[in-house]
Amino acid sequence: MNRAENQIIVIFGGRGDLAMRKIVPALYELFIQGLMPERFAVVATGRSKVDDEVYRNEVSSALTGKAGKEGGKGDDDFMRAFFYTTLDPLVPGDYRELAGLLNRLRSEMKIQGNTLFYLSVPPEIYDEISPGLAGQGLNSEADGWKRLIIEKPFGYDYASAVHLNRLLLEHWEESQLFRIDHYLGKETVQNILVTRFSNGIFEPLWNRNYVHHVEITSSESLGVEKRGSYYEGTGALRDMVQNHLLHLVGFIAMEPPSSIDSTSIRNELVKVFESLRPVKPEDVRKMTIRGQYTGAHVKGEWLGGYREEEGVSKTSMTETFAALKFYIDNWRWGGVPFYIRTGKRLPTRVTEAVIHFKPTPHYLFSGESACEGCNQLIIRIQPDEGILIKFGMKIPGGGFNVRNVNMDFHYSDLAVDRIPDAYERLIHDCMNGDSTLYTRSDAVLAAWKFLDPVLQAWKDDPSIPVYGYPAGTWGPETADGLIEEPELTWRYPCKNLADDGVYCEL
């Protein structure tokens, strides 16, 4: 990665949890690696009234324990680049104060108009901030580029996403908008493209002729913690499937781009989303499963159910587990089922994609049947990042008895000093104007359009059940029924990439 050009970074919600836990540490990591601009300033905004020194102390506290932080001159230079201004998104005069501060910093630090605005605030405030900035000409690129990073969720459903997109495009060009999805910043997600398109052994097999089905799992061992009130209005489908997991599907299913650039890659992603077969309302019951964790003893500790969490209704129907079966109607994937599941309070924290290949056309060896012993390619996103291939080998001794064995690669084998945090990569990309790993508006809208019938059916049809599942299990047992063949089920991953098992350590 190269050093970014001189600029000012404005963080709306600069004292918030996301800013202090992710954004500020990412900027610091870029700084100690020499990737921040030669001249830069970070301006944080918030409703509270604090001065620059108080905020700088808060930044220093947020970085305590970070690698490379020694409190020397370099750290002092980093802290002095931070400034704070009070800003209420509803007060037009506050935007004038912000514009005045930016003009003063540009003059004093000899920085042209290049400005990155990071909206680390709830989405409902976007419709105040966007016109507020435009009212002061802070969206104009006459004196340098202007970019806007927007956090998820981008809308609540298709209609709200269309409304939000239209509102932002009143004041900004699409090229100025960077919709961030931290999953796309993970090295292992990006490695899906490299695995597919830099290795000639995979492309001939990566289609309906050889792939039996594709499975994606994203599980968390934690519950909703202190985010109950937020999660009540969101649920697993909106929180994980609409953005993170459908983008994993996009990387797995996309056609080879003409080149590795932002436009080419994002064009192919949109084609995948537009090819998703719509789920008819009458099919929602058989194509989707929703669940909610209930209280259970796990390793001797009682873990309460979702409805016992702070901020959650005692009669809540919000799903903490979602599983879907769907198809991509194009020449490459026609007829191949894709399965997605995600949930909280599952046995372990893991995200992975599994390509299940078709069985051999004729079973020669004992013990082979259907697809139980089929080859699998497992792409592990987190933890124990890597790739695993499962294939059959002869068991030593008489006869031709076959057993599946593993051939695996772990990211740690590359012996790199560190794997960059997702926010670190994504923020640096935005600084350099690279939107490859950011979501484009047409992709967002296509994803919402696909999921809207499911959300609507879950809302309108009370006969579609919310299945309970004990904390520490792999979700509702009925989710196994989504897999077409009765002898097949989901892969049960563990923390270690090469391990499988229903009873993983929580």
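With all distinct Cα pairs included, what does the Kirkwood hydrodynamic radius of region 78-152 come out to in Å, to one decimal, could you say?
13.2 Å
Starting from a Cα-only point model with no solvent, please compute log10 I(q)/I(0) by Debye for the chain at q = 0.07, 0.08 1/Å.
-0.42, -0.55
For region 202-262, build the charge dipole from Cβ charges (+1 Lys, Arg; -1 Asp, Glu) around the Cα centre, then report which of PRO257, ALA236, HIS247 sits farthest towards its positive end.
ALA236
Past the 14 angstrom mark, what percentage of all C-alpha to C-alpha distances in region 178-239 do you count?
76 percent
Quote to one decimal, in nm, the extra length available between GLN382 and ASP77 on full extension: 0.36 nm per residue of separation minus the C-alpha distance between them.
106.4 nm
Can you tell me the Rg and the Dmax, both Å, for the Cα atoms in region 184-482?
20.3, 63
Label points 7 Å out from Cα along the Cβ direction at THR360 and TYR327: separation in nm?
Distance between the two pseudo-spin positions: 3.0 nm.
Mind pulling the per residue volume of the convex hull built on the Cα atoms of region 227-352? Å³ is fine.
Expressed per residue, the convex hull around the Cα atoms of region 227-352 is 141 Å³.
Using a simple charge model, +1 on the beta-carbon of Lys and Arg, -1 on the beta-carbon of Asp and Glu, nothing else, what dipole does the chain show about its Cα centre, in debye to the nearest 20?
It works out to roughly 280 debye.
Simple spin-label model, 7 Å along Cα-to-Cβ: THR436 to ILE260 in nm?
Between THR436 and ILE260, the simple spin-label model gives 0.6 nm.
Can you list the HN-Hα couplings for region 8-19, worked out from phi with the Karplus curve (6.51, -1.76, 1.60; θ = phi - 60°), rounded to whole Hz and with x for Gly and Pro?
Working through the residues one at a time gives 10, 10, 10, 10, 6, x, x, 9, x, 5, 4, 4 Hz.
If eta is 0.692 mPa s and T is 37 °C, what Stokes-Einstein diffusion coefficient results for region 1-54, Kirkwood Rh from Cα pairs, in µm²/s?
Approximately 272 µm²/s, per Stokes-Einstein.
Let me have the relative contact order for the chain, percent, based on Cα pairs under 8 Å that are six or more residues apart.
Relative contact order, the chain: 17 percent.
Could you compute the FRET efficiency for SER48 and VAL194, with r as their C-beta to C-beta distance and R0 at 45 Å, rounded to 0.05? Walk me through the intermediate numbers first.
Numbers: r = 44 Å, r/R0 = 0.99.
Computed FRET efficiency for SER48 and VAL194 comes out at 0.50.
Only helical DSSP H runs with n ≥ 4 go in: add -39500 (n - 2.57) per run for the chain, normalise by residue count and round the 222 nm mean residue ellipticity to 500 deg cm²/dmol.
-8000 deg cm²/dmol
Need one number: the % of Cα-Cα pairs in region 7-151 sitting beyond the 29 Å mark.
That fraction is 11 percent.
Where both residues lie in the chain, what percent of DSSP beta bridges are antiparallel, nearest 5?
Of the beta bridges lying entirely in the chain, close to 55 percent run antiparallel.
What distance in nm separates the simple spin-label points at LEU169 and SER313, each placed 7 Å from Cα in the Cβ direction?
With each label placed 7 Å out from Cα toward Cβ, I get 3.4 nm.
Among ASN139, ASN330, VAL54, flag the residue with its Cα farthest along the positive direction of the charge dipole of the chain, charges on Cβ as +1 for Lys/Arg and -1 for Asp/Glu.
It is ASN330.
Which peptide among 306-319, 189-202 comes first, and what is the full order, when sorted by highest mean count of other Cβ atoms within 10 Å?
The densest-packed peptide leads the list: 306-319, 189-202.
Any read-out appearing in this document is the output of simple, stated calculations on the displayed coordinates, not a laboratory observation. Note that the structure is a prediction, hence the values are computed from the model and not measured. Because the Cβ atoms are built from the backbone with ideal geometry, glycine has one as well, and the counts that use them run over all protein chains shown.
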